[in-house]
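Enquirer: One structure, pasted below without further comment.
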Amino acid sequence: MKFITLAVMFCIINTILCVAPVDMSYKEAVYNIDFARAEQSPIRLILRTSKRSYRVGEQIDITTYLENATSDEFYYIAKDLTGLFVHNPFHGIQVSILDKESKDVTKYAVADPMPGKEVLKIEELLSNYTVLGPTMIYGVKDLYDLYLKPGQYKLLAKYYEAAAFRWTETERKSVSPPVWVRDITSNAVIIQVVK
């Protein structure tokens with residue numbers, strides 16, 4: 001039953017993971033993630049790869065998702081989380097790759113700059129968000145060509161929000177549920193790249 005729930009939970013539509021209730025009993029065994037460290041935030045960011053060793057030039061299968069760890073709280077989060085290696089000026093998830101010396105070796109693309117302050121209705125602003133309810137997840141799964149040299153690397157993901165800070169204080173306070181605006185850093189994933 002646990003594995004059926006897991007399979008249904010990770011159905012993929014255009015690389016966006018479906019928002020679905022999470023069966024909390026599978027986490028430790030399947031992901032081997034230190035959830036005790038991540039328990040501090042109502043929303044957690046989880047980063048996974050399909051394996052721990054890759055050949056030079058091989059695509060890396062990366063899954064990242066936000067998980068609402070609460071039993072009764074709702075939050076608006078970014079709807080478009082695609083482009084893990086693109087800096088989006090609005091909000092999203094960005095993956096960093098650190099080499100053995102902790103030097104950031106990530107090659108990012110840059111999205112279009114944030115347009116000037118436009119007067120939009122709150123409904124229009126919220127069209128860029130989705131609600132993450134209690135025990136639900138929302139994320140992306142995709143393949144990436146990273147072209148890393150042989151060696152050991154640490155992958156980290158960060159969820160960030162910038163667009164909501166451009167809203168007026170009145171707009172931010174009028175939104176229910178609230179927009180999640182704090183940065184979240186994921187668990188670290190160590191991978192080995194071999195020839």
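Enquirer: Of (1) charged (D, E, K, R); (2) surrounded by 14 or more Cβ atoms within 10 Å (Cβ to Cβ); (3) within 22 Å of the chain's Cα centre (by Cα), Glu171 satisfies all except one. Which?
Expert: (3)
Enquirer: Something else about it: Checking the conditions here, which among Tyr138, Tyr159 is in contact with a Gly (Cβ under 9 Å, 6 or more places away or on another chain), under 30 Å from Glu124 (Cα atoms), surrounded by 13 or more Cβ atoms within 10 Å (Cβ to Cβ) and of a type outside the set (Asp, Glu)?
Expert: Being in contact with a Gly (Cβ under 9 Å, 6 or more places away or on another chain), under 30 Å from Glu124 (Cα atoms), surrounded by 13 or more Cβ atoms within 10 Å (Cβ to Cβ) and of a type outside the set (Asp, Glu) holds for just one of Tyr138, Tyr159, which is Tyr159.
Enquirer: Report whether or not Gln94 is surrounded by 12 or more Cβ atoms within 10 Å (Cβ to Cβ), modelled with pLDDT under 95 and in contact with a Phe, Trp or Tyr (Cβ under 9 Å, 6 or more places away or on another chain).
Expert: Taking the combined requirement at face value, the residue satisfies it.
Enquirer: Name the single residue that is surrounded by the most Cβ atoms within 10 Å (Cβ to Cβ) among those in segment 59-82 being over 30 Å from Val194 (Cβ atoms) and among the polar types (S, T, N, Q).
Expert: By that ranking, first place goes to Asn68.
Enquirer: May I pose another question? Among (1) surrounded by 12 or more Cβ atoms within 10 Å (Cβ to Cβ); (2) over 20 Å from Gln40 (Cβ atoms); (3) touching a Lys or Arg at 6+ places or on another chain (Cβ under 6 Å), there is one condition Ile190 misses while meeting the rest; what is its number?
Expert: Every condition holds for Ile190 apart from (1).
Enquirer: Among Thr82, Thr70, Thr64, which is modelled with pLDDT of 90 or more, within 30 Å of Lys149 (Cβ to Cβ) and either of a type in the set (Ser, Thr, Tyr) or in a loop (DSSP other than H, G, I, E, B) (or both)?
Expert: Thr64
The values are calculated or read from the model by the stated rules, or taken from the named source; none is laboratory data. Quick caveat: nothing in here was measured; it's all calculated off a predicted structure. Glycine gets a Cβ as well: all are built from the backbone with ideal geometry, and neighbour counts include every protein chain shown.
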